[in-house]
Amino acid sequence: MEHPENNAEYAGLQVNAGVEQPSIVNPYLKNFRKKRQRLFTPGEYVEGILKGDVSMLSQAVTLVESVLPEHQTIAQEVIEKCLPHSGRSVRVGISGVPGAGKSTSIDVLGTHLLENYGGKLAVLAIDPSSEKTKGSILGDKTRMERLAVHPRSFIRPSPTAGSLGGVARKTRESIILCEAAGYNNIFVETVGVGQSETACHSMVDFFLLIQLSGTGDELQGIKRGIMEIADGIVINKADGDNVDRAHLAATQFQNALHLFPMPESGVLPKVLCYSGFYELGIDEVLKMIFDYIDQVKRNGYFQHRRNEQSKYWMYETINERLKNSFYHNPEIRQLIQPTEQDVLDGQVSSFIAANRLLDKYFHLLKN
Ligand code: GDP
């Protein structure tokens, strides 16, 4: 019998002509890099942002985050021009200890939000650890796999330079640019350690606290005063063997919430269980957020909170600039160490030392 492989038409044994392999180094990369480094005029950035051009938005955010004075000058002008086009969004802060499931949850909540509510979503972060490590643990694209490739999402890791106040201010300024680019949903992720939550709270309309059951977190949350600023509490990982424990934790939180006075918003925070990983209860979490926003828009608290935040950021910016101007003054920098030593040696009191330095600073300013 004729073996099929001897038939000339049998494709399995054909050897195809080799395909020329492209260079492993993208030849356009060089041009691309050069192009990215080019600075545009503030007007060009604004035009690009208003058109929803992601590349322009991204580059403008990089300028906002930059410490170079020439970048800052452009950035401030861009922010100012974008300001009238900002504000039309729902800003949600999402906080939880490392491992609580923030990135998993943001990925899932974000995808559900985009699919069911439409619109666009920007995910920004405030990450205090990036100050020390110079590397961001939050807002990393690879941690949000589905959102990272979604055409209507924009993900930015936390700004790295400066103090917590500085990092938070940059995130707040980036929110303005994202809103001007048409992102009508903003998530601000922050890691639940210390003051970063307060900073995050000062720029969002809804602050969501992700908790875990059975870790003693319930009490910690109460101790650190974080529950007072939460507009909603969610217990993640309510799946498998953990469902009962999660519901128990939810009841404990609900009970604990009654110990606090009614929030200024006039809306009692809800406590929900969900599973980010198995995508259970996700739509309920989104509904909780949007119901809250509806209620506070109707009772006037939404605008009131935004006004308070604007005031807060005005004073924060003044404080930060004054502090920087003082501590970066070359003559003051020289005097600080010896004065500190005088205080430690008991030669002068803390107050006298502080006043001496400040008097010197004011004197330097006058001359
Ligand atoms: P983050 O540090 O708060 O951003 O937490 P991650 O989203 O990185 O999650 C930490 C770990 O918890 C990962 O291994 C996730 O797979 C896991 N995880 C997140 N959400 C859930 C969930 O709903 N159920 C379960 N069982 N595991 C989850």
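Summary of computed values
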| quantity | calculated |
| --- | --- |
| Residue count, the range 100-117 (criterion: within 16 Å of the ligand (Cβ to nearest atom) and without any contact (Cβ under 8 Å) to a residue 40 or more places away in the chain) | 1 |
| Leu83 more than 16 Å from the ligand (Cβ to nearest atom) and either over 24 Å from Ala238 (Cα atoms) or at pLDDT 95 or above (or both) | yes |
| Test: residue in the range 312-330 that is of a type in the set (A, V, I, L, M), touching a Ser or Thr at 6+ places or on another chain (Cβ under 8 Å) and within 30 Å of Phe207 (Cβ to Cβ) | no |
| Pick from the range 176-195, criterion within 10 Å of the chain's Cα centre (by Cα) and at pLDDT below 95, ranking: farthest from Leu50 (Cα to Cα) | Val191 |
| Pick from the range 86-99, criterion open to solvent by less than 10 Å² (accessible area, probe 1.4 Å) and touching a Leu at 6+ places or on another chain (Cβ under 9 Å), ranking: nearest to the ligand (Cβ to nearest atom) | Gly96 |
| Condition broken by Ala246, with the remaining ones in (1) farther than 17 Å from Gly225 by Cα; (2) at pLDDT below 90 satisfied | (2) |
| In the range 196-215, the residues that are among the aliphatic types (A, V, I, L, M) and modelled with pLDDT of 90 or more | Met203, Val204, Leu208, Leu209, Ile210 |
| Every residue from the range 98-107 that is aliphatic (A, V, I, L, M) and within 15 Å of Ile289 (Cα to Cα) | Ile106 |
| Total residues in the range 151-176, condition under 25 Å from Glu115 (Cβ atoms) and in a helix (DSSP H, G or I) | 2 |
| Pairs with Cβ under 7 Å, 6+ apart, first in the range 238-249 and within 11 Å of the ligand (Cβ to nearest atom), second part of a helix (DSSP H, G or I) | Ala238/Ala246 |
| Condition broken by Ile235, with the remaining ones in (1) in contact with a helix residue (DSSP H, G or I) (Cβ under 6 Å, 6 or more places away or on another chain); (2) away from the ligand (no atom under 16 Å from the Cβ); (3) closer than 17 Å to Phe207 by Cα satisfied | (2) |
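Residue-by-condition table, conditions (1) buried (at least 16 other Cβ atoms within 10 Å of the Cβ); (2) farther than 30 Å from Ala246 by Cβ; (3) modelled with pLDDT of 90 or more:
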residue: Ile106; (1), (2), (3): yes, no, yes
residue: Gly110; (1), (2), (3): yes, no, yes
residue: Glu131; (1), (2), (3): yes, yes, no
residue: Glu145; (1), (2), (3): no, no, no
residue: Thr160; (1), (2), (3): yes, yes, no
residue: Leu219; (1), (2), (3): no, no, no
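The values are calculated or read from the model by the stated rules, or taken from the named source; none is laboratory data. Owing to the predicted nature of the structure, the values given are computational and were not obtained by experimental measurement. So basically every Cβ, Gly included, is an ideal-geometry build from the backbone, and we count neighbours across all protein chains shown. Heavy atoms of the whole protein, side chains included, go into the accessibility calculation; ligands, DNA and RNA do not. Shrake-Rupley method; radii C 1.70, N 1.55, O 1.52, S 1.80 Å.
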